[in-house]
């Protein structure tokens, strides 16, 4: 097995045609999206601009692909820990899962959406994300650029309002 590490700086080594072909074949068809809430703020992650990352450069909640046979909730806990270093014991699930549609370029797919409350704001990012912010709940609603990856932004706002009472 080979590990291919690609950074923003090394992108110039690859022909754009190669990157386009690889990205076209890479689709997340079955996964999760998890919003994390802490004391009036939501965690948003800025997706790194490298190949194999969906929605590069966009702000998003935690997202990830489900492994074969894995339950969606287990996927959510795994992806949250991988992307933020928050452990399951630091999280409280406060929503029922629901289907949401994500989009990237001309592709759309459904993911299970969860809302969690975190006991901690201490975040350590993995390679997929370049930075993070804790955004006031009201600002998520006012500035929909944080919800850019979703096809139906109003549905996401409705889910967040229902579970967080914003």
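Nothing in this text is a laboratory measurement; each read-out follows from the coordinates by a stated rule. Fair warning: this is a prediction, and the values are worked out from it, not measured in the lab. Please note: Cβ atoms are built from the backbone with ideal geometry, for glycine as well, and neighbour counts cover all protein chains shown.
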Calculate the FRET efficiency for residue 158 and residue 124 from the Cβ-Cβ distance with a Förster distance of 30 Å, rounded to the nearest 0.05. 0.45
Using only alpha carbons, build the gyration tensor for segment 79-126 and give me the equivalent ellipsoid semi-axes, biggest first, whole Å. 24, 15, 7
Would you kindly compute the Cα radius of gyration of segment 14-164 and its largest Cα-Cα separation (Dmax), both in Å? 14.8, 46
Potential lengthening between residue 103 and residue 81 on full extension [0.36 nm per residue; Cα-Cα distance subtracted]: 5.6 nm
